[in-house]
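The structure under discussion appears below in the form of structure tokens.
The values are calculated or read from the model by the stated rules, or taken from the named source; none is laboratory data. Here the structure is a predicted model, which is why all the values come from computation and not from measurement. Quick reminder, even Gly has a Cβ in these numbers, built from the backbone with ideal geometry, and neighbours come from all protein chains shown. Remember, those area values only see protein heavy atoms, side chains included, never the ligands or the DNA or RNA. Shrake-Rupley method; radii C 1.70, N 1.55, O 1.52, S 1.80 Å.
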Amino acid sequence: MVMKTDKWIYTFFITAVVLSAGMVAFYAVKAFAHTGEWNQVSSEPLEGLHYVLIPQETDNDYWRLIEKGARKAEQEENITLEYNGPAKSDMADHIEWIEKAIASRVDGIITQGLQDELFRPVINKAIDKGIPVITIDTDAPSSERSAYVGTDNYEAGFLAGEALIEDTNGQAKVGIITGSFDAENMQLRVQGFNDALKKAPGIEVLDTKSSDIKRIQAAQKTNQMMAEHPEINAFFGTSALDSFGIVSTLQQRGWQDDFYIIGFDTLPETIDLIEEGKVDATVVQHPFEMGYESVKKLKELSQNKPVGAINHTTTSILRKQDLTNQKPFYPEIGEGP
Ligand code: BGC
């Protein structure tokens, strides 16, 4: 009888140990692989190379164009690309997404280096783990990122400054709506713009406010600026949706043609505003090409091919007279002059 009870206790004990070990192993693998996070886009098992594109803001038309370019390369290269990241611009959340990608042991990461110092540790962590990282749109030059693909943001801001000088004959009182005071692409654009204006003593920048890359906030900040500086007669919007906010405020206040507006990017709505004569000029970037090239470069890195560190996409100024009769004009997808 004693023997029998011992045997039962023994069997119970062994079963408990085996069950708990099994559970520990199951949850450890689950946590490590982060399957719930990065397999959302395709439910099929991932085959071959698995890259991730982490944008600043997922549902932003500019980033959707980058995604389109990346998807084209995804098909050509026969890899799996996932597009996921912060729903609304948020640097801490953005870094968290990069951490998740590292934990999921992806084969390559494409993301912005929004703030060099803040993003450097997580980018270097990926590199240390053997995951190549391409910075896109905004570089993190002091990190060990494998390469940068995107606009020369200082140059882009400088071009905007030169365009404003030319179009206003060197006479303007300017308000700047910037996408962010913290993001380095925005800082470089404002810096380039202000540097270009140094040669135009008749132009004065009266205020700079942040839209947090949101159209509504761009509108609110424009309104506030106009109340604080009634003499403002020109605006520079440094991120894709800023010119939309600027225009909507000017419309609400009773549209006046003598305002000069220069924005950023060539989203369909931007092109419409240029056609209508509401936005005078815009800085052209090539998000489609950025997405496409960054996937191509990741593939080359996966094949141990050398890739140049800095890969600038071109930047130029677009005005109404540059639009042809051919519509729509979306340089990103190869339409237009
Ligand atoms: C910038 C992106 C930004 C976007 C916001 C673009 O001009 O290059 O960094 O996320 O605007 O709408």
**Prompt:** What residue, among those in the stretch 183-204 that are charged (D, E, K, R) and under 22 Å from Gln285 (Cβ atoms), is least open to solvent (accessible area, probe 1.4 Å)?
**Reply:** Arg189
**Request:** Specify which of the listed residues (Pro230, Pro268) is under 20 Å from Lys278 (Cα atoms), open to solvent by 10 Å² or more (accessible area, probe 1.4 Å) and touching a residue at least 40 places away in the same chain (Cβ under 8 Å).
**Result:** Pro268
**Message:** Checking the structure you have, find out if any residue of the stretch 205-218 is among the small types (Gly, Ala, Ser), within 14 Å of the ligand (Cβ to nearest atom) and either free of Cβ contacts under 8 Å to residues at least 12 places away in the same chain or open to solvent by 10 Å² or more (accessible area, probe 1.4 Å) (or both).
**Reply:** yes
**Message:** Could you check the stretch 116-141 and list, in sequence order, the residues that are out of contact with any Gly (no Cβ under 9 Å at 6 or more places or on another chain) and either surrounded by fewer than 19 Cβ atoms within 10 Å (Cβ to Cβ) or over 17 Å from Glu96 (Cα atoms) (or both)?
**Reply:** Asp116, Glu117, Leu118, Pro121, Asn124, Lys125, Ile127, Asp128, Lys129, Gly130
**Item:** Pair list, Cβ under 6 Å, 6 or more apart: the stretch 179-197 residue farther than 18 Å from Glu57 by Cα, other residue part of a loop (DSSP other than H, G, I, E, B)
**Value:** Arg189/Thr238
**Request:** Filter the stretch 63-85 down to residues that are in a strand (DSSP E or B) and not hydroxyl-bearing (Ser, Thr, Tyr) and give me whichever is surrounded by the fewest Cβ atoms within 10 Å (Cβ to Cβ).
**Result:** Glu82
**Request:** Within the stretch 165-182, identify whether any single residue is modelled with pLDDT of 95 or more, open to solvent by 10 Å² or more (accessible area, probe 1.4 Å) and within 28 Å of Val307 (Cα to Cα), and answer yes or no.
**Result:** no
**Request:** Kindly establish whether Gly277 is outside the structural domain of Ile134 (by TED's automatic domain parsing), more than 26 Å from Gln191 (Cα to Cα) and modelled with pLDDT of 95 or more.
**Result:** yes
**Request:** Considering every residue within the stretch 55-68, establish whether at least one is farther than 23 Å from Asp182 by Cα and away from the ligand (no atom under 16 Å from the Cβ).
**Result:** no
**Prompt:** When the stretch 139-187 is examined, which residues are found to be among the small types (Gly, Ala, Ser) and either in contact with a Cys (Cβ under 6 Å, 6 or more places away or on another chain) or away from the ligand (no atom under 14 Å from the Cβ) (or both)?
**Reply:** Ser142, Ser143, Ser146, Ala147, Gly161, Ala163, Gly170, Ala172, Gly175
**Prompt:** Of all the residues that make up the stretch 197-215, how many are of a type in the set (A, V, I, L, M, F, W, C), assigned to a helix (DSSP H, G or I) and touching a Ser or Thr at 6+ places or on another chain (Cβ under 9 Å)?
**Reply:** 0
**Prompt:** Could you give every pair whose Cβ atoms fall below 8 Å, whose first residue belongs to the stretch 313-325 and is in the same structural domain as Tyr260 (by TED's automatic domain parsing), and whose second residue is of a type in the set (Phe, Trp, Tyr) and part of a helix (DSSP H, G or I), counting only separations of at least 6 or pairs across chains?
**Reply:** none
**Filtered residue count, the stretch 237-269, keeping only those that are β-branched (Val, Ile, Thr) and within 9 Å of the ligand (Cβ to nearest atom)** = 1
